[in-house]
Each structure stands twice: as structure tokens, then as C-alpha cells.
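The numbers here are math on the coordinates, done by the rules we state, and not lab data. Bear in mind that the values here come from a model prediction, so they are computed numbers and not experimental data. Note that we place each Cβ from the backbone using ideal geometry, even for glycine, and neighbour counts take in every protein chain shown.
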Amino acid sequence: MKRRRPYVAAAALAGLLAVIVLAVWLAWPRPVAAPLPEQDEIARFLARHWPQNLAPQGLAPVDSITELASSLKPSDCGVCHADQLADWSQALHSHTMGPGIQWQLRLMTQEEGNRCLFCHAPLAEQKALVALARGWPAAPAEPPPAYVPSDLADAGLVCANCHLRGRELFGPGSMVPEGNGVKLHGNSTASAAFEDSRFCARCHQFPQDGPRTNGKLHEDTYEQWRAGASATRGETCQSCHMPGRRHQWQGIHSPEMVRKALTTDLRVTAGDDGRLLARLRVTNSGAGHHFPTYMVPKAVVSLTLVDERGVARKRLAEYVIGWNIETGLTGEIADTRLAEGESVVVSGGFDAPRRTGWKVEARIDVIPGEHYERIYTASLQQRDRLDAGTVTLLEEALRSTRAGRFEALRLQAPASAVEPGAVPKP
């Protein structure tokens with residue numbers, strides 16, 4: 001499940017709003033999380049664990065927890081949790097405060113910015129550092145205390161965001177049998193909530209009164225999962241995105257995860273008109289929610305006729321899987337996402353090649369940040385209305401977003417008619 005990310009542009013540049021509004025997602029006060037009808041122990045824990053605003057951590061109580069274990073610095077957690085730190089360092093959760101949000105914070109009021117930080121950097125200490133950096137009116141009057149790392153706000157979703165409250169540790173419980181090893185966490189609390197999909201709903205599910213386009217919530221991943229077979233089978237967000245408790249949270253940016261999510265079947269048959277017909281069936285067999293789940297990513301499916309040297313000779317078909325909406329989030333252009341278990345068939349006809357060795361090549365290319373690319377490009381066209389620092393961040397955001405494009409899979413079939421089923425499933 002993915003990753004949430006509300007964006008907005010500043011009211012101060014009213015003429016720029018039409019293209020910079022990454023987040024009319026901010027036009028509403030964000031609640032604690034999506035409504036949770038099941039008032040069980042996990043729901044009650046999550047209501048306490050994820051309030052609207054996290055309280056400052058305060059000083060570490062000497063009698064209940066060590067200074068190292070209660071640190072806000074991920075590197076301190078990594079002294080004992082080296083594998084988790086290494087995973088997190090490469091994960092998008094460690095980049096939630098990258099240039100894609102930083103350029104927008106320069107245009108926001110404090111109220112607008114805090115709504116973004118609700119998911120991008122939820123700690124009270126992080127919000128205070130951002131307020132100081134931006135010179136917002138309600139910024140703390142004093143410099144941060146010594147226990148707050150100066151780069152904490154830029155670190156994104158750090159360990160403490162999920163695991164530390166009032167300097168006490170929370171987690172799913174140790175995988176090491178009691179009595180083995182050294183217990184450093186002192187007053188730590190284990191909760192099954194950390195392995196429940198509702199834990200992720202705080203940032204990966206908007207409430208029913210949240211922002212919509214064409215009646216569809218901008219962030220609906222948890223409910224998509226709940227309505228599908230994966231939830232019925234007991235598969236959770238964590239079982240797919242944190243297997244073995246790995247802190248990688250891989251999703252649409254990962255070629256491996258995309259290949260796991262999709263099943264493909266490429267065939268070439270004789271058409272009714274005497275020509276040949278290439279057909280690629282793409283099925284969302286493993287995403288556990290819509291593929292892709294929300295508006296930002298797109299997957300481009302293409303069929304191409306290639307010669308015996310692998311040179312492309314003719315594009316037979318192209319189809320985009322995704323939710324395409326206007327950059328202002330007001331209108332829907334198309335919604336071709338695949339719900340769990342849903343398929344789409346992309347096909348194209350062609351005349352039989354005169355030479356042997358020609359093939360039909362199917363590809364799926366992923367543009368993880370397609371929606372952002374359009375917004376950044378449109379915003380840069382009005383660079384004369386932005387200061388130099390904002391333009392620099394925008395350019396960096398566009399470069400890094402474009403660099404995330406990748407080829408998820410490629411498969412071929414002979415460009416000659418075969419009986420259905422003769423071409424094996426890739």
C-alpha cells in the first residue's frame with residue numbers, strides 16, 4: 001500500500017493555484033484517520049497512538065528507558081536495528097520531505113503546511129523545525145532542545161513517528177524469545193496494531209468526507225483492500241509491503257512489486273479479417289488493491305511488431321492503466337485502474353510478416369510520478385512568479401520524479417498465428 005502525500009500550493013499566488021494545486025487535498029481539516037467502525041482493542045490503541053497532533057516527546061525518563069533507545073535519530077535506532085535502518089534509508093518513507101514537498105512548503109501558510117506534515121513529518125519536533133525554517137508566525141520562540149536533531153524534519157518518516165510516544169517505545173513485539181539478549185527498551189509496549197492494516201490507514205485512507213474527484217476519494221487504498229479477496233484471505237498491508245518485518249515498504253516504484261502484482265498472457269491468433277491479432281491480457285492478480293491505487297502513477301502497456309533483429313517496425317497498440325485527473329484535481333480524464341482480480345485486454349491487428357523471425361513484443365512501462373510530472377512541468381512554466389530557491393527545488397523534484405520511470409516487464413511471441421494457449425503464460 002502506498003504511500004500518502006497531501007500537497008497544496010499557496011493562496012498568495014492565486015494565479016498559480018490552477019496548476020500548483022497538488023492538494024486541494026488540503027481543503028478540509030484532516031481527521032485522525034479514516035473512520036474505524038470496529039471498536040476493538042486495536043481500534044482503541046490506534047485512536048490513542050495517532051491523534052490529530054502528536055505531542056512532543058519530552059525528556060527521556062531515566063528510570064524507564066535508555067537515552068539511546070528513546071532517541072529521535074534513526075541512526076541511534078540503527079545501533080541495534082541495523083537491518084531496519086538500512087532498509088528504511090533506501091525506502092520512500094525516508095524521503096517524504098524531499099524537494100517535491102519542500103518547494104510547496106515555501107508557498108504555504110503554517111496551517112496548510114501542517115496538514116501536509118500530518119503524514120510527511122508528523123512529530124511535533126519536526127513541525128517545530130519546519131516552522132522555524134520557514135519563519136512561520138507560530139514557530140517556537142526558543143531554539144530546539146538538545147535532544148532534537150537539527151536535521152530531524154528533513155529525515156521524513158523516522159522510526160519515532162511510528163514507534164515512540166512520550167519517550168516510550170511501541171511495536172509489534174520482539175521476534176526474539178523472552179530471556180534472550182539484552183532488553184534496552186525498558187518500558188516498551190507490544191501491540192497487534194502494528195501488524196494490522198488499519199495502522200497504515202492514517203495516511204493511506206481518506207475519510208468519507210475527504211476530497212474527491214468524480215465522486216472518488218483521492219486516497220482510498222485501505223477501503224480498496226478491504227473490499228477485495230486479499231483482505232478475506234487475511235493478507236495485510238504489512239504482509240506484502242513489510243514481509244518479515246522488513247522496513248522497505250516497496251510498491252509501485254519497484255519493478256519486482258509490479259511484476260508480483262500483475263499476471264500477463266500474450267497470444268497471437270488469426271483474426272476474422274485474414275490478418276493476425278496480438279492480444280495481451282493484464283490481470284491485477286496480486287496488488288491487493290487497485291492497480292495503481294491512486295492518481296499519481298501510470299502504467300503504459302504497449303504492443304509492438306519487431307523484426308528478426310529486434311528493431312521496432314510498427315506500434316500495434318498502447319493503453320494506459322491509471323487514474324488520470326486534471327492537475328487541479330477538479331475533473332477526471334479517465335479511470336482505467338484495475339481492481340483486484342480485474343483484467344484488461346490490449347490488442348492490435350497486423351498483416352503477417354513476409355520474413356521469418358518477427359515477433360510481437362509486449363511491454364509494461366511504469367511512470368510512478370506521472371501526475372506530479374505534469375504539475376511540476378506546468379508550475380515551472382511560471383517560474384518568473386517564483387523565487388530562485390523554489391525554482392531550484394521544483395527542478396530537482398521534476399528530475400528525481402522522471403528518474404523513477406522504469407520498464408516493469410517485456411515479453412515476446414512469434415508474429416505468426418498459433419492456436420490459443422500455444423504461447424505459454426509469461
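What spacing in nm lies between the two simple spin-label points modelled at Asp209 and Ser347, each 7 Å away from Cα in the Cβ direction?
Going by the 7 Å Cα→Cβ label model, 4.8 nm.
Give the calculated FRET efficiency between Glu235 and Ile333 to the nearest 0.05, with a Förster radius of 30 Å applied to their Cβ-Cβ distance.
Details: r = 32 Å, r/R0 = 1.06.
In this case the efficiency is close to 0.40.
If I take R0 = 22 Å and measure r between the Cβ atoms of Ser150 and Arg246 in this structure, what FRET efficiency does the formula 1/(1 + (r/R0)^6) give, to the nearest 0.05? Walk me through the intermediate numbers first.
Details: r = 29 Å, r/R0 = 1.32.
Computed FRET efficiency for Ser150 and Arg246: 0.15.
Residues of the stretch 280-311 with the amide nitrogen closer than 15 Å to a label point 7 Å from the Cα of Leu409, along Cα-to-Cβ, please.
280-288, 291-292, 299-303
Under the 0.36 nm per residue contour assumption, what length would be gained going from the current alpha-carbon distance of Arg226 and Asp365 to full extension? Present the calculation step by step, with values, prior to reporting the outcome.
Values: separation 139, 0.36 × 139 = 50.04 nm, distance 2.77 nm.
Separation in residues times 0.36 nm, less the Cα-Cα distance, equals 47.3 nm.
Applying the Karplus parametrisation 6.51 cos²θ - 1.76 cosθ + 1.60 with θ = phi - 60° to the phi angles of the stretch 319-324, what ³J(HN,Hα) value in whole Hz is obtained for each residue in order, glycine and proline being reported as x?
After applying 6.51 cos²θ - 1.76 cosθ + 1.60, I find 8, 9, 9, x, 9, 9 Hz.
For the pair Thr269 and Glu396, what calculated FRET efficiency results from E = 1/(1 + (r/R0)^6), where r is the Cβ-Cβ distance and R0 = 56 Å, to the nearest 0.05?
Numbers: r = 48 Å, r/R0 = 0.86.
E(calc), rounded to 0.05, equals 0.70.
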